[in-house]
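Asks: Here you go, one structure.
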Amino acid sequence: MLEKATLQRNLHNSTQKRSLFKKKKFLPFLASTKISERKTKPEKKKSKPKATLSIPFIGEDGEPTGQALHRIGVPEPRKRRAMAAAEAESRALAFSARRRPLPAPPLPPPPLPFLARWLFVEHCRVFKESVEEVDLCGQNSVDAEWMAYIGAFRYLRSLNVSDCHKLTNSALWTITGMTSLRELDISRCSKVNDLSIGHIVSISTLEKLYISETGISSNGVELLASLKNLSVLDLGGLPVTDLALSSLQVLTKLQYLDLWGSEISDRGVCVFQVLPKLSSLNLAWTKVGNLPNLPSLAYLNMSNCTIKSILEGNDDKTPLEKLVMSGATFVDDYEAFMNIEASLMSYLDLSNSSLHRFCFLPHLKFLEHLDLSSTIIGDDAIQEIASIGANFRYLNLCKTKISSAGIEILAGHVPHLEILLLSNTSVDDIALSYIGLMPSLKEIDLSNTNIKGLVHQIGSETDPIPSLQALQNLRGLKKLNLEQTKVMDAELVSVPSFRELTHASLRNESLTDISLSYMSSLPKLTNLSIHDAVLTNRGLTSFQPPATLKMMDLRGCWLLTKDAISSFCRIHPRIEVRHELVHVLPSDQLCHDRPSPSRSPLKTTLLSKEDRKIPISPCFIGKKFLRT
């Protein structure tokens with residue numbers, strides 16, 4: 001009885017200790033507690049019964065796994081702390097297994113300007129020992145930081161930063177004293193002024209300098225006299241005076257001088273005579289009317305000047321090769337050309353000038369380029385043009401009084417003519433039969449003429465003949481402009497026979513989907529313009545463009561809807577489509593094919609909002625309003 005009472009008391013004490021152990025929350029995941037009785041020998045002192053604790057491991061899924069951890073008796077404080085730490089770790093592991101956090105989203109790619117700047121900086125570091133030419137024309141992000149890296153290029157020979165509007169005087173400090181630089185172009189950098197001249201003149205090796213339309217004044221131009229190696233100097237749009245021009249007479253190596261829009265006059269042109277190598281001179285939009293003889297001159301531009309006499313002097317005439325007098329006013333037609341050696345001239349531009357007599361033309365035996373657009377020339381002077389047409393490559397007679405009779409005189413005398421422009425003249429379908437006799441033609445402009453596409457034979461009761469058939473003999477024809485003519489669908493039946501045609505332009509309110517279908521038969525067509533036509537959504541959807549087509553201009557086609565144009569662009573993503581309702585570029589259609597922004601090419605075509613704007617004609621608005 002005594003032993004039984006002692007055993008019950010020991011069990012009671014052990015149970016209390018276990019309860020106390022649980023209250024302290026050392027083992028919250030205790031699965032079971034096994035208590036085993038141990039007999040004691042009578043000769044020894046009574047010992048307290050020991051308890052065995054079975055503690056399971058906790059797995060990642062929060063469930064007990066593996067074998068149990070056994071402890072004999074009640075653990076000591078130090079062991080209890082270790083057990084508590086193990087229990088806390090297993091609990092945290094189980095909790096993290098139950099609620100795993102989602103992976104963090106990837107960081108967005110850096111913006112393109114940042115990426116471009118980073119790549120540029122890296123390229124500057126890699127290639128600074130080998131780069132010889134840098135062209136950053138029109139890059140608005142070019143600033144002092146970019147120029148600092150460019151200034152480290154040891155072997156740089158050519159630098160073009162024209163149209164970089166963030167470029168300042170301080171940014172040019174980094175190129176001061178460069179010993180290898182030969183060419184510098186800072187044209188149209190409006191923030192560059194006289195303060196930058198000190199940096200420029202420190203580069204004594206400069207041979208070509210372009211500073212047109214900058215903030216440099218006449219005083220700054222005078223300081224350029226120290227650049228004795230200059231052979232090309234562009235001062236266009238600067239307020240250069242006669243005094244500043246006289247300071248440049250020490251530049252004896254000058255071959256090209258551009259002074260358009262300057263303030264020089266007849267008193268300062270004597271400086272040109274002391275420049276022995278001067279071969280190209282631009283005096284457009286100046287007050288110069290009398291130009292002395294310059295034996296070395298090969299190119300002269302006196303557009304929009306009031307000309308009295310040019311190249312007047314000794315008996316030796318100037319052997320000009322190119323002469324541009326667009327928009328010029330002639331005081332005396334004969335005296336203006338009497339001092340020019342015309343035997344070597346190959347380029348003559350008299351467009352929009354006041355020239356009345358063309359008696360000098362028969363002397364230009366080697367002329368290849370002749371522009372008489374917007375002059376008063378008529379059929380009576382065509383014979384003078386035909387007499388020198390053996391070497392013609394380019395002939396512009398737009399906005400003149402030329403008719404089909406003049407084209408008849410010209411036919412047969414221009415075997416090498418490649419470009420013929422007759423826009424805004426009175427030529428009609430009869431002229432097409434004579435144009436077909438010019439075998440080398442590659443481009444014909446017949447816009448705003450009397451072309452109808454049909455020829456009625458006099459005295460015959462047969463149906464009229466399509467006049468465009470006469471152009472089938474032109475095997476090399478690549479560009480044809482029939483805008484603002486009276487050509488309709490039926491007259492375009494001959495167009496598919498122009499197998500080399502790459503550019504076609506049509507504009508007529510009577511054109512329909514039939515005209516569009518004819519264009520699908522041109523295997524080399526790249527640019528197609530159909531303006532103000534009655535094209536429908538069904539016609540556009542059924543159109544099968546040639547594989548070479550790159551651009552379609554559908555402005556003025558008021559029946560087309562935005563959905564139809566967008567659908568066409570999705571089917572043909574490599575075609576640029578222009579319309580008042582939408583302007584879709586090939587890059588816009590192909591952007592979804594790019595796997596990620598990081599893999600997209602760095603050099604892309606980005607249009608601003610101003611570039612994407614397409615002018616909307618009043619005719620388009622009126623037709624759209626009437627339809628609504």
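The values are calculated or read from the model by the stated rules, or taken from the named source; none is laboratory data. As the structure is a computational prediction, the values presented were derived from the model and not from experiment. All Cβ positions, glycine included, derive from the backbone under ideal geometry; neighbour counts span all protein chains shown. When the accessible area is computed, the model is the full protein with side chains, heavy atoms only, and any ligands, DNA or RNA have been set aside. Shrake-Rupley method; radii C 1.70, N 1.55, O 1.52, S 1.80 Å.
Asks: Modelled label-to-label distance, GLU133 and ARG81, 7 Å Cα→beta-carbon offset: nm?
Replies: Distance between the two pseudo-spin positions: 7.8 nm.
Asks: Provide the solvent-accessible area of TYR334, counting protein heavy atoms only and rolling a 1.4 Å probe, rounded to the nearest 10 Å².
Replies: 140 Å²
Asks: Please give the charge dipole size of the stretch 333-444, origin at the Cα centre, charges +1 on K and R Cβ atoms and -1 on D and E Cβ atoms. Round to the nearest 20 debye.
Replies: Its charge dipole is roughly 100 debye.
Asks: Could you give the semi-axes, largest first, of the ellipsoid that matches the stretch 225-299, computed as the square roots of 5 times the alpha carbon gyration tensor eigenvalues and rounded to whole Å?
Replies: Each semi-axis is the square root of five times an eigenvalue, giving 17, 14, 12 Å.
Asks: Using 7 Å Cα-to-Cβ label points, what is the LYS562/GLU341 separation (nm, one decimal)?
Replies: In this crude spin-label approximation the distance works out to 6.5 nm.
Asks: Could you work out how much longer the chain between ALA390 and THR526 gets when fully extended? Use 0.36 nm per residue separation minus the Cα distance between them, nm to one decimal.
Replies: Fully extending the segment from ALA390 to THR526 adds 45.8 nm.
Asks: Please compute the Kirkwood hydrodynamic radius over the stretch 256-328, one decimal place, Å, based on all pairs of different Cα atoms.
Replies: After inverting the mean inverse Cα-Cα distance, the result is 12.1 Å.
Asks: Here's something else I'd like to know. Given the Cα-Cα distance of THR329 and THR541 and 0.36 nm per residue of separation, how much length would full extension add, in nm?
Replies: Net length gain for the segment: 71.0 nm.
Asks: Keeping all protein chains in position, work out how much accessible area LYS399 exposes to a 1.4 Å probe, and write it in Å² to the nearest 10.
Replies: Roughly 120 Å² of LYS399 is accessible to a 1.4 Å probe.
Asks: Also, quick follow-up: Output the Cα-based Rg and Dmax of the stretch 142-185 in Å, rounding Rg to one decimal and Dmax to a whole number.
Replies: My reading of the Cα-based Rg and Dmax gives 9.7, 26 Å.
Asks: Let me ask another. Suppose each label sits 7 Å from its Cα in the direction of the beta carbon; what would the ASP380-ALA225 distance come out to in nanometres?
Replies: Simple spin-label model gives 5.3 nm for this pair.
Asks: From the protein chains alone at 1.4 Å, what is the descending order of accessible area for THR329, THR286, largest first?
Replies: If we order THR329, THR286 from most to least accessible, we get THR329, THR286.
Asks: Of the heavy-atom accessible surface of the stretch 305-379 (probe 1.4 angstrom), what whole percent is carbon and sulfur?
Replies: 47 percent
Asks: Which FRET efficiency value, to the nearest 0.05, is calculated for THR176 and HIS456 with the Förster distance at 56 angstrom and r the Cβ-Cβ distance?
Replies: The pair THR176/HIS456 has a calculated efficiency of 0.15.
Asks: To the nearest 20 debye, what charge dipole does the stretch 488-533 have about its Cα centre, counting +1 at the Cβ of each Lys and Arg and -1 at the Cβ of each Asp and Glu?
Replies: 260 debye
Asks: Could you give the accessible area per residue of the stretch 195-234, probe 1.4 Å, as a whole number in Å²?
Replies: 36 Å²
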